[in-house]
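First the structure, in the form of structure tokens, and then the observations on it.
The values are calculated or read from the model by the stated rules, or taken from the named source; none is laboratory data. Model, not experiment: these values are computed from the prediction. Here the Cβ is made from the backbone with ideal geometry for all residues, glycine too, and neighbour counts use every protein chain on show. Ligands, DNA and RNA are excluded from the accessible area calculation, which covers all protein heavy atoms including side chains. Shrake-Rupley method; radii C 1.70, N 1.55, O 1.52, S 1.80 Å.
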Amino acid sequence: MLFEEERKHSIIQIVERHGRASVQELGQELGVSESTIRRDLKELEEARLLKRTHGGAVSLQSVNFEAAFPDKADRFLDEKLRIALKAVEMIEDGDAILLDGGTTTLQMAKELKRFSNLKVITNSMIALNELKDCRNIEVSITGGLLRPDTLAFVGPMTERSLDMVRVDKAFLGTNGLDLHEGITTPNMLEAATKRKMIAVAKQVILLADHSKIGQVSFCRVADLREIDHCILDKETPEGFLHGLEGIEVDYTLA
């Protein structure tokens, strides 16, 4: 039997994965009564995590949906912190690294102050602000078109800036992560910028909490085979991990 919070999280995952779900389907899958599901759906709608319909619920998210940075920064924060700490373990003094404008890479930026010699390139205004006073870190900002929702630079100017560098490791976040559709994001310019980041890195490390698994957004960034290593949390579904093993993509669970 799932605890209430676990059950609600499972409801959100099911609804977001399929776009919709009926009360009957949710009750059968989670092994609880339909009255319990109806109560959960009411509370989840009040929290603006889904929309109730007659007999079920639908996802608030379309493939074009993207939450603003402040709205998603605290979501699954414990998982993001664990993932960030694992990611930092992959960095060595003297590395040149690239951080994209994600919420998990922001948690990484907070942990970089322990290094004595590091080059960091980022398109994130928030990561830049976190690192701006670190004398042991040489920080470069890409410039480009600033997206208000994410406070990250994207677009042709950003890509041109990235063309000028080569890094040891690129750490990327994602909106969607699916075995068949790969890495996806709602914004075309964001997708192009991430593709350029992949192209200029010797090693590409993807950071994703379990809420991203099975999600597909509007723009495709890359196939999973283009990623060298995934850092995921321990709540990642076993089926997804088996899929990564099948295509020989390394992963670490945080």
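Figures for the structure shown
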quantity: The range 12-29 - residue that is at pLDDT 90 or above and in contact with a helix residue (DSSP H, G or I) (Cβ under 6 Å, 6 or more places away or on another chain) and, of those, surrounded by the most Cβ atoms within 10 Å (Cβ to Cβ); calculated: L26
quantity: Any hit, the range 182-189, residues being within 20 Å of L85 (Cα to Cα) and modelled with pLDDT under 95; calculated: no
quantity: Qualifying residue in the range 209-225 (condition: of a type in the set (D, E), buried (at least 17 other Cβ atoms within 10 Å of the Cβ) and under 19 Å from the mean Cα position of the chain (by Cα)); calculated: yes
quantity: In the range 157-189, residue farthest from A199 (Cα to Cα) [restricted to those that are in contact with a Gly (Cβ under 6 Å, 6 or more places away or on another chain) and of a type in the set (A, V, I, L, M, F, W, C)]; calculated: L179
quantity: Per-region count, the range 85-106, residues surrounded by fewer than 24 Cβ atoms within 10 Å (Cβ to Cβ), touching a strand residue (DSSP E or B) at 6+ places or on another chain (Cβ under 9 Å) and assigned to a helix (DSSP H, G or I); calculated: 2
quantity: Long-range neighbours under 8 Å by Cβ, at least six apart or interchain, first residue more than 17 Å from L26 (Cβ to Cβ) and open to solvent by less than 70 Å² (accessible area, probe 1.4 Å) within the range 43-70, second assigned to a strand (DSSP E or B) and modelled with pLDDT of 75 or more; calculated: E66/T185
quantity: Subset tally (residues that are open to solvent by 100 Å² or more (accessible area, probe 1.4 Å) and either touching a Ser or Thr at 6+ places or on another chain (Cβ under 7 Å) or free of Cβ contacts under 8 Å to residues at least 12 places away in the same chain (or both)) for the range 1-11; calculated: 2
quantity: Selection within the range 199-208 - open to solvent by less than 20 Å² (accessible area, probe 1.4 Å) and free of Cβ contacts under 8 Å to residues at least 40 places away in the same chain; calculated: V204, L206
quantity: Count of residues meeting criterion [of a type in the set (A, V, I, L, M, F, W, C), under 10 Å from L50 (Cβ atoms) and part of a helix (DSSP H, G or I)] in the range 15-30; calculated: 1
quantity: Count of the range 211-235 residues which are of a type in the set (D, E) and more than 22 Å from I91 (Cα to Cα); calculated: 2
quantity: Candidates V165, V154 - the one that is in contact (Cβ under 8 Å) with a residue 12 or more places away in the chain, farther than 25 Å from E79 by Cβ and crowded, with 19+ Cβ neighbours inside 10 Å; calculated: V154
quantity: Residues of the range 168-180 satisfying the condition of being more than 18 Å from A109 (Cβ to Cβ) and either open to solvent by less than 10 Å² (accessible area, probe 1.4 Å) or of a type in the set (D, E, K, R) (or both); calculated: G176, L177, D178
